Amino acid sequence: MRYLILSDPHANLEALEKSLELAQGKYDKAVCLGDLVGYGPDPNAVVERVRKIAIAVIRGNHDKACAGITDASEFNIFARLAVAWTRSILTLENLTYLRQLPAGPAKVDDFGIVHGSEEDEDEYVLSAEEAVRVLRAQHMPLVFFGHTHHQGGFCLSDAGAFSGVPLSAMQDGLVTNVPLRDGVRYLINPGSVGQPRDGDWRAAFAIFDETARMVEFYRTGYNLSLTQEKMVSASLPDPLIHRLEFGR
Ligand code: ZN
């Protein structure tokens, strides 16, 4: 079985469609680690697309805010404006869908999915210290997480050896294969489809090949200027429009 792992599409339809195009024929089942909406100009279309293809979806902090489960008071002003705009255009059906999304962690066959971490769905696991703590407490050998919008991840062996997952290639398509070893716990971030923050503007996702015990990381360019034009038309805040081109 091959699983498409999507995270943080953030209402960016062009990035999502391009990712699905590249992943076409390469996976059997799809899952999404949350933040379907918030920031981008196509929340309804992205919710509908993810809903149609994914066998498991958990909520992110932006889904909670846009669905009115939280009040977005912890967001910065630009994210809050995007939440307000998203709420104003979500259809009742899509709003209802977002409201009922489960919190992570969820188990999908023999791996786990979370938005932030197993313990706290809103936690950012960015540093080595945070990753080591999370990996030590991790029950399943393989967990996929999102929220930081940084493609890559961390691993910890039973003997205590910790390392990050190195990613470097600049070509579009398959960036790196990471073979999974026995006796090692993995915390893997597929990257953000719709708003990468790891310095690379291109849409990111991963595919987990269960039989080969391998995680494949992908990047792809997409029609960024179209996404940005739509954001201008929707009067979404300028900093949100410009950050997309820097991958910040
Ligand atoms: Zn996010």
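The values are calculated or read from the model by the stated rules, or taken from the named source; none is laboratory data. Because the structure is a prediction, the values reported are computed rather than measured. Methodologically, a virtual Cβ is constructed for each residue, glycine included, from the backbone with ideal geometry; neighbour enumeration extends over all protein chains shown. The area values use the complete protein model at the heavy-atom level, side chains included, leaving out ligands, DNA and RNA. Shrake-Rupley method; radii C 1.70, N 1.55, O 1.52, S 1.80 Å.
Worth pointing out:
- Taking 19 Å as the straight-line reach from the Cα of K26, the aspartates and glutamates in range (excluding those fewer than 8 positions away in the same chain) are E17, D109, D172, D209, E210, E216.
- Normalised contact order of the stretch 47-181, rounded percent, pairs of Cα under 8 Å and 6 or more residues apart: 18 percent
- Segment A106-I89, extension gain: residue separation times 0.36 nm, minus the distance between their alpha carbons: 3.2 nm
- Note on R136 and K26: the extension gain reaches 36.4 nm, defined as 0.36 nm multiplied by sequence separation minus the Cα-Cα distance.
- Farthest toward positive dipole pole in the stretch 145-211 [+1 Lys/Arg, -1 Asp/Glu at C-beta], among H149, P166, A206: H149
- Eligible lysines near K107 by straight Cα distance, threshold 17 Å, same-chain separation 8 or greater: K29
- Rounded tilt (10° steps) of 43-53 against the dominant C-alpha axis of the chain: 40 degrees
- Degrees between helix 128-137 axis and first principal axis of the chain (Cα, 0 to 90, nearest 10): 70 degrees
- Packing, taken as the mean count of other beta carbons within 10 Å per residue, orders the peptides 22-28, 64-70 from highest to lowest as 64-70, 22-28.
- Pair-distance distribution of the chain: all C-alpha pairs, bin width 5 Å, starting at 0; shares per bin in whole percent are 1, 7, 15, 20, 21, 17, 11, 6, 2, 0, 0.
- The angle separating the long axis of helix 77-89 from the principal Cα axis of greatest extent in the chain is about 70 degrees.
- Mean accessible surface per residue for the chain, computed with a 1.4 Å probe while every protein chain stays in place, in Å²: 42 Å²
- DSSP-defined beta bridges in the chain - what % are antiparallel, rounded to 5: 70 percent
- Computed over every Cα-Cα pair of the stretch 47-174 and binned at 5 Å starting from 0, the pair-distance distribution P(r) comes out as 2, 9, 17, 19, 18, 15, 12, 7, 2, 1, 0 percent.
- The chain - percent of accessible surface contributed by carbon and sulfur, probe 1.4 Å: 52 percent
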